[in-house]
Structures are given as structure tokens and as C-alpha cells.
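Nothing in this text is a laboratory measurement; each read-out follows from the coordinates by a stated rule. Since this is a predicted model, take the numbers as computed values, not measurements. Quick reminder, even Gly has a Cβ in these numbers, built from the backbone with ideal geometry, and neighbours come from all protein chains shown.
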Amino acid sequence: MIYEYRCYTVMPGKMNDLLKRFRDHALAMFEKYDIKPVAFFTPVIAQSNNQLIFILEFRDLAHREASFNAFMADAEWQKILAESNANGQILSSIENKILAPTDFSPLK
């Protein structure tokens with residue numbers, strides 16, 4: 001297994017819009033494209049609390065590439081993005097990292 005760490009920094013005042021987009025749309029789209037969410041977090045103590053951090057699980061890099069590319073190209077998802085950004089961009093930046101567990105990690 002590999003894991004993808006994603007950190008979305010949200011424009012001021014747009015966190016509820018982003019959470020709604022995930023709650024109402026993204027999770028169903030993830031399921032459609034075999035993208036398994038492991039966890040979602042918002043910072044309690046951090047330099048910025050205007051972030052959504054989440055981890056996704058994939059079998060390998062090929063699975064990640066195929067699933068994520070199909071998800072991003074989906075016409076329904078493109079419509080959801082356009083509608084959710086209609087009143088201004090929700091995100092100011094996206095950071096992602098592909099992670100592999102160590103041999104001693106409880107999560108493998």
C-alpha cells in the first residue's frame with residue numbers, strides 16, 4: 001500500500017464550502033474511482049487552522065495514477081468544481097506527498 005497526504009489551504013471564509021464539497025460530492029466520487037480515504041483532519045493547534053488535511057490509500061502508484069486521473073477528468077467532477085468555485089476560489093494552495101509505510105509502521 002501507499003498513502004497520499006494532501007493538505008488543502010483554504011481561502012479565508014471558504015472552509016465550510018470546502019467541507020460541503022467533500023461531504024456532498026467528493027466522497028461519492030472517490031468511491032466511484034476506487035480512491036479510499038483513510039482520514040480527514042482540520043488543525044487544532046498549528047500555524048494555520050485554515051486547512052483540510054487528508055490521507056488516501058492506494059494499492060500502488062499505478063492504481064493512484066489511474067484512479068486520480070480518471071477522477072479529475074470526470075465531467076461530473078469538473079462541473080462540481082466549477083459550481084463550488086462560482087463565488088470565488090475555495091483553495092489557495094494544495095500540497096501532496098506520496099508516502100510508503102516503513103517496515104515497522106502499524107499502518108501498512
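For segment 32-41, 3J(HN,Hα) computed residue by residue from phi via the Karplus equation (6.51, -1.76, 1.60; θ = phi - 60°) reads 4, 10, 6, 9, 9, x, 9, 6, 10, 9 Hz, glycine and proline entered as x. Note on residue 11 and residue 108: their simple-model spin labels are 4.5 nm apart, each label 7 Å out from Cα toward Cβ. Residue-wise HN-Hα couplings along segment 17-25, as the Karplus relation 6.51 cos²θ - 1.76 cosθ + 1.60 with θ = phi - 60° gives them from phi, are 5, 5, 4, 5, 4, 5, 4, 8, 9 Hz; Gly and Pro carry x. Does a label point 7 Å from the Cα of residue 22, set along Cα-to-beta-carbon, have any residues of segment 69-108 with amide nitrogen under 15 Å, and which are they? So the set is 90-97. Listed by chain and number, the aspartates and glutamates whose C-alpha is less than 19 Å from the C-alpha of residue 14, apart from same-chain residues fewer than 8 away, are 24, 83, 95. In this simple spin-label approximation, residue 76 and residue 93 carry label points 7 Å from Cα along the Cα→Cβ vector, and these lie 3.3 nm apart.
Here's the list of lysines a cross-link from residue 20 could span, going by alpha-carbon distance under 29 Å and ignoring same-chain residues fewer than 8 apart: 32, 36, 79, 97. Within straight-line reach of residue 108, meaning a Cα separation under 19 Å, sit the following aspartates and glutamates at least 8 residues removed in sequence or on another chain: 4, 34, 57, 60. For residue 91, the residues 5 or more places off, or on other chains, whose built amide H falls under 5 Å of its own are 11.
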